[in-house]
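One structure below.
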Amino acid sequence: MANLISNMARSIGLPRLKRAVGVVTRRLPIPQPVLCVGPGSAGRLGRTVGGLGHHKVMLVTDADVAGLGLHQTVLDALVAAGTPVVVFDAVAADAPIACIEQGIALFGAQGCDAVVAVGGGSVMDTAKVIALCAANGKHPRDLVGYFKARQAPAPIYAVPTTAGTGSEVTVAAVVSDPAGGGKRVIADTRLVPTLAALDPDLMMALPPAITAATGMDALTHAIESYIGGWATPYTDRMALAAVGMIFKNLPLVFHDGSNRQAREQMALASCFAGLAFTRANVGNVHAIAHQLGGKYHTPHGLANAIELPGVLRFAAAQTAPKLAALAVRTGLGVPHDGQATLAARFLDGVEALNHTLGIPGHLAALQAADIPALAAAACWEADTQYPVARRMTQQACEALLQAVLPPELSTKPPTKPPTKPSRLAAAKRPRRATMGHEQTP
Ligand SMILES: NC(=O)c1ccc[n+]([C@@H]2O[C@H](COP(=O)([O-])OP(=O)(O)OC[C@H]3O[C@@H](n4cnc5c(N)ncnc54)[C@H](O)[C@@H]3O)[C@@H](O)[C@H]2O)c1
Ligand SMILES: [Fe+2]
């Protein structure tokens, strides 16, 4: 069915419609949060929010982040400023709707009037949707899509603890809906947080596997926004800066998580990539990764990282000048080397980065029998939402998925196996959720 609709949509001129949306998107006013950056900025954000006169704030986090005490500085600052706080630490990976429902109920029962998110993308997106649903008296499913809410959300403040999603500056919240099948996006310019803190101290304990996967998510945002059809001079500046910073700093933080300066650079790069893609959007890599996340719960950044090299090669002919510019920006060559050589070096550079980070060349959970449906859903998402440089046909998308099948299931020999064993198998996410710890001054 998705295939049929997708083919019909193409025939009635979806590319033209997308170009028109691109014109609007380039001009759409998108707010940006006030940013506090650097060690100790989480506490500064807590003190600032504490002075804004909220009746009661809901601090949204997850059990792992809370278990590491990463929310404590913000919590202490709010309490010291005299602001009542209730802690909701039951967020689960990929912001499932059932978990958001619990948060909305607690927000209402406690009479909260603002959310402070301390965590990765799953936490920030959960907090955004709680704030939007509570203000509108709506269920998350009613708000899936673009600008579905009448009322602005309750004020949102964000403290990312991963350097990946950029959700602290984006108009989007990605939720997972097991009942409806897969991942859904709620987008509204009013979902951009009012204040955000990029505090490298909160990222020092990120394990290497999560550092790698989330960093590759940020890289994918930057690259896809740069090579897509809605890029602007502003998004190009942000994306180029992000790609350069990630190539330099991601290997550093992967090998030495305690490198505070490199952690701060990664937090900034992820934020820059978020600023780029919230206007210029993402592309085919995300279209595929969202299906893998929905079907197999593959961590979002890992799914992107595995698909990124193949998808970039798929559109290499259409994007060669941009790939060449990325090679120059990442120090993989100089303009004199020529476009074709530079573009090839960047493609090789992305693969080499994956290998350095222990990202596998295949997705262990992927089943050959699932590929046609996954490809149909990915093509539909890309066709209807993303300004891609090269459109994927069903056949092309199936081939991109076939290429990352585990070697024992693949009919083709693997191209370039990783040089070292993957550490991503360890990226499991135990959740010990509790919720509703009230903290009053
Ligand atoms: N809203 C957006 O614009 C946007 C953009 C991209 C992705 N996303 C969504 O964000 C979600 C993924 O977010 P993510 O990649 O940040 O992962 P995540 O929030 O799911 O966190 C991954 C794991 O890392 C742990 N963790 C987080 N910070 C930590 C720290 N400092 N130290 C130790 N452990 C820590 C978490 O507890 C969790 O177990 C997906 O649902 C994805 O679709 C949203
Ligand atoms: Fe992403």
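Just so it is clear, none of the values below were taken in a lab; they were calculated from the coordinates. All values reported here derive from a predicted model rather than from experimental measurement. Note that we place each Cβ from the backbone using ideal geometry, even for glycine, and neighbour counts take in every protein chain shown.
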Provide Rg and Dmax in Å for the chain, with only Cα atoms included in the calculation. 20.8, 64
Using R₀ = 51 Å, calculate the FRET efficiency as 1/(1 + (r/R₀)^6) where r is the Cβ-Cβ separation of residue 384 and residue 52; round to 0.05. 0.85
Based on the Cβ-Cβ distance from residue 340 to residue 105, what FRET efficiency comes out when R0 is 56 Å, to the nearest 0.05? 0.45
Projecting each Cα onto the charge dipole of the chain (Lys/Arg +1, Asp/Glu -1 at the beta carbon, about the Cα centre), which of 249, 72, 388 comes out farthest on the positive side? 388
When 359, 30 are ordered from fewest to most other Cβ atoms inside 10 Å of their Cβ, what list results? 30, 359
Zero-based 10 Å bins, Cα pair distances in the range 191-288, whole percents: 18, 46, 31, 5
With unit charges on the beta carbon (Lys/Arg positive, Asp/Glu negative), name the residue among 234, 124, 287 whose Cα is farthest towards the positive pole of the charge dipole of the chain. 234
Amide H within-cut-off set for residue 198, under 5 Å, with H built and near neighbours excluded: 36, 37, 38
Cα-centre dipole for the range 55-189 with unit charges at Cβ (Lys and Arg positive, Asp and Glu negative), debye to 20: 420
Before anything else, pin down the relative contact order of the chain: Cα pairs under 8 Å, at least 6 apart, normalised by residue count, whole percent. 18
Fully extended contour minus Cα-Cα distance, from residue 410 to residue 364, at 0.36 nm per residue: 15.4 nm
Quick one: length gained pulling residue 256 to residue 236 fully straight, 0.36 nm per residue minus the C-alpha distance? 4.2 nm
At R0 = 35 Å, how high is the FRET efficiency between residue 151 and residue 19 if r is their beta carbon distance? Nearest 0.05 is fine. 0.65
Taking the chain as the reference, fit the longest principal axis to its C-alpha atoms, fit the long axis of helix 260-280 to the helix C-alpha atoms, and give the angle between the two in degrees, 0 to 90, nearest 10. 70
Tell me the angle of helix 2-11 to the major Cα principal axis of the chain, expressed in degrees between 0 and 90 and rounded to the nearest ten. 70
Listed by chain and number, the residues whose amide H is under 5 Å from that of residue 94, excluding neighbours fewer than 5 places away on the same chain and using placed H, are 122
Cβ crowding within 10 Å averaged over residues, with 382-390, 155-163 ranked highest first: 155-163, 382-390
Relative contact order, percent, the range 206-426 [alpha-carbon distance under 8 Å, six or more residues apart]: 24
Which ³J(HN,Hα) values, rounded to whole Hz and listed in residue order, are derived for the range 78-84 from phi using the Karplus coefficients 6.51, -1.76 and 1.60 in 6.51 cos²θ - 1.76 cosθ + 1.60 with θ = phi - 60°, glycine and proline given as x? 5, 5, 4, 7, x, 9, x
Can you sort 59, 332, 35, 357 so the residue with the fewest Cβ neighbours within 10 Å comes first? 35, 332, 357, 59
Fewest-first sequence of 295, 128 by Cβ atoms within 10 Å of each Cβ: 295, 128
Ordered by residue, what ³J(HN,Hα) values in Hz, to whole numbers, does the range 53-66 give under the Karplus form 6.51 cos²θ - 1.76 cosθ + 1.60, where θ = phi - 60° and Gly and Pro are x? x, 6, 5, 7, 9, 9, 8, 9, 7, 10, 5, 5, 5, 5
Ignoring everything except DSSP H segments at least 4 long, calculate the 222 nm mean residue ellipticity for the chain; use -39,500 (n - 2.57) per segment, divide by total residues, nearest 500. -16500 deg cm²/dmol
Order 362-374, 79-91 from most to least packed using the mean count of other Cβ atoms within 10 Å. 79-91, 362-374
Extended-chain gain in nm, criterion 0.36 nm per residue less alpha-carbon gap, residue 139 and residue 296: 54.0 nm
Counting only C-alpha contacts under 8 Å and six or more residues apart, can you give the relative contact order of the range 213-326 as a whole percent? 38
Helix 316-329 vs. the chain, principal-axis angle (Cα, 0 to 90°, nearest 10): 60
To one decimal place, what orientation-averaged projected area in nm² is obtained for the convex hull of the Cα set of the range 206-426? 11.3
Nothing charged except the Cβ atoms of Lys and Arg (+1) and of Asp and Glu (-1): what's the magnitude of the dipole of the chain about its Cα centre? Round to the nearest 20 debye. 940
Need the C-alpha centroid separation for the range 35-57 versus the range 341-368, integer Å. 39
Under 5 Å from the placed amide H of residue 87, counting only residues 5+ away or on other chains, we find 59, 436, 437, 438, 439
